[in-house]
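Worksheet: the structure to be examined is printed underneath.
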Amino acid sequence: MAGLTLKNIQKIYPNGYHAVKDLNIDIKDGEFVSLVGPSGCGKTTTLRMIAGLESISGGELWIGDKLANNVAPKDRGIAMVFQSYALFPHMTVAANIGFGLKIKKVEKKIINEKIEWALDLLDLNGLGDRKPSQLSGGQRQRVALGRALVLDPEVLLLDEPLSNLDAKLRIKMRTELKRIHKQLKSTIIYVTHDQAEAMTLSDRIVVMKKGELMQIGSPSEVYNKPANKFVAGFIGSPPMNFIEGELIKDGENYIFKYNGNVYKLPSYLKDVIKEKIKGKEVVLGVRPEDFEISLQPIENAIEGMSIVTETLGSDDYVAVEVNKKLLSVRIEPDSNFPLDRKVYLTPKEEKFHIFNK
């Protein structure tokens, strides 16, 4: 296995479109790193540049201690699993898994041993003689994964491999991927638009927007300490709540003013405000689980109106209208929370954020 380093990587297409801008990522040997972001943010383009399927317009790509910018894809020690599986329909499962080894003219005995190893690892025993059309979506995805793993790649690239599966199967395959990574200790770079997948699978998450790196950190870091409003709103489901308002200095402390209401900010935010906040227009950010909600007036609370409830099984949420915006607040399940009532929200101490508007 090998680590991977991207130094000021850029991708500029002939029409001038700047898809990836000065991307710097250092991936350790054996690490599972996910690239996340909205459609068009450059995550798949980055993956394709690592694989050698897209040329690099600028910067350096290092695989281990080897500069790989101009190395042919077949010589990079990389295997890639695509969203579409890309299996050969006329070949059996075993033949699909062993195809790359056959192309490399590996000895037949070793190919058969590798195929058996992959079938066992991926819980595909007894399916080696079947055709892809006879398999479920999850089984086909595991065959595509097996075809990559038998090549003993230094780096394994996965491009939204679970997006074609139904919700239940995606959860099962996430567990499978986690198990495989733990067993093989492979270096894996995983592209997904599903931030829940990234949170459960990754050692670290790379958040991208319009070709730029927004933040890189552990799932806990990007969730609890988002670098900016974009990361705060993208990571988490339901997403973080935002309230726009004005920041007013009150002696040594600060007051947040919104739609005629005022909320005194806790003193621990002073250093954050001095370091990061520019100007008076700001956004207060609080996650749904970090609100305390009450029907009784509370001093220094955010006032709103309860509108609708949403039941998600283990969690219930109530939508609260504040300043003409709906905020999501987690409540006790089956609590029959009253609607169309004035409510008072108190963010938990040290559990909310402030951003430049």
### Task
Convert each backbone phi in the range 217-229 into a coupling constant with the Karplus relation 6.51 cos²θ - 1.76 cosθ + 1.60 (shift: θ = phi - 60°), then list the ³J(HN,Hα) values in order as whole Hz, x for Gly and Pro.
x, 5, x, 5, 5, 6, 7, 8, 10, x, 6, 7, 5
### Query
log₁₀ I(q)/I(0) of the range 200-298 at q = 0.14, 0.15 Å⁻¹, via Debye over equal Cα point scatterers, no solvent, to two decimals?
-0.65, -0.74
### Neighbour-count ranking [beta-carbon atoms within 10 angstrom, fewest first] of 277, 293, 205
277, 293, 205
### Message
Ignoring everything except DSSP H segments at least 4 long, calculate the 222 nm mean residue ellipticity for the chain; use -39,500 (n - 2.57) per segment, divide by total residues, nearest 500.
### Response
-7500 deg cm²/dmol
#### Entry: Ranked list, fewest to most other Cβ atoms within 10 Å of each Cβ, for 341, 48, 287
341, 48, 287
### Diffusion coefficient, µm² s⁻¹, Stokes-Einstein with Kirkwood Rh over alpha-carbon pairs of the range 4-233 at 10 °C and 1.306 mPa s
87 µm²/s
### Message
For Cα pairs less than 8 Å apart in space and 6+ apart in sequence, what is the mean separation divided by the residue count of the range 4-233, i.e. the relative contact order in percent?
### Response
28 percent
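With a Förster radius of 35 Å, plug the Cβ-Cβ distance of residue 246 and residue 53 into 1/(1 + (r/R0)^6) and report the FRET value to the nearest 0.05.
On the way: r = 49 Å, r/R0 = 1.39.
Once rounded, the FRET efficiency stands at 0.10.
Give the order of 46, 5, 192 when sorted by the count of other beta carbons within 10 angstrom, beginning with the fewest.
5, 192, 46
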### Task
Could you pull out the longest piece of the chain with no exposed loop GluC sites (Glu not before Pro) in it, calling a site exposed if DSSP puts it outside H, G, I, E, B and it has at most 14 other Cβ atoms within 10 Å?
108-251
### Task
Have a look at 193, 18, 90 and tell me which one the Gaussian network model of the chain (Cα, springs below 10 Å) gives the largest fluctuation.
90
### Task
Measure nothing fancy, just the Cα-based angle from helix 93-103's long axis to the longest principal axis of the chain, in degrees from 0 to 90, nearest 10.
70 degrees
### Message
Using a Gaussian network model on the chain with a 10 Å cutoff between Cα atoms, which of 69, 24, 259 fluctuates the most?
### Response
259
### Gain upon complete extension [residue 107, residue 311; 0.36 nm per residue less C-alpha separation]
67.7 nm
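How big is the charge dipole of the chain about its Cα centre, in debye rounded to the nearest 20, if each Lys and Arg gets +1 on its Cβ and each Asp and Glu gets -1 on its Cβ?
1140 debye
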### Message
Taking 41 Å as R0, compute the FRET efficiency from the Cβ-Cβ separation of residue 171 and residue 296 and round it to 0.05.
### Response
0.55
### Task
Take the range 229-357, drop everything but the C-alpha atoms, weight them equally and run the Debye formula without solvent; then report log10 I(q)/I(0) at 0.09, 0.16 Å⁻¹ to two decimals.
-0.25, -0.78
### Query
Once the Cα atoms of helix 108-121 and of the chain are each reduced to a long axis, what angle between those two axes, in degrees from 0 to 90 to the nearest 10, is obtained?
30 degrees
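Each reported figure results from applying straightforward, stated rules to the coordinates on display, with no laboratory input. Model, not experiment: these values are computed from the prediction. Neighbour counts are summed over all protein chains in view; Cβ atoms, including those assigned to glycine, are modelled from backbone coordinates with ideal geometry.
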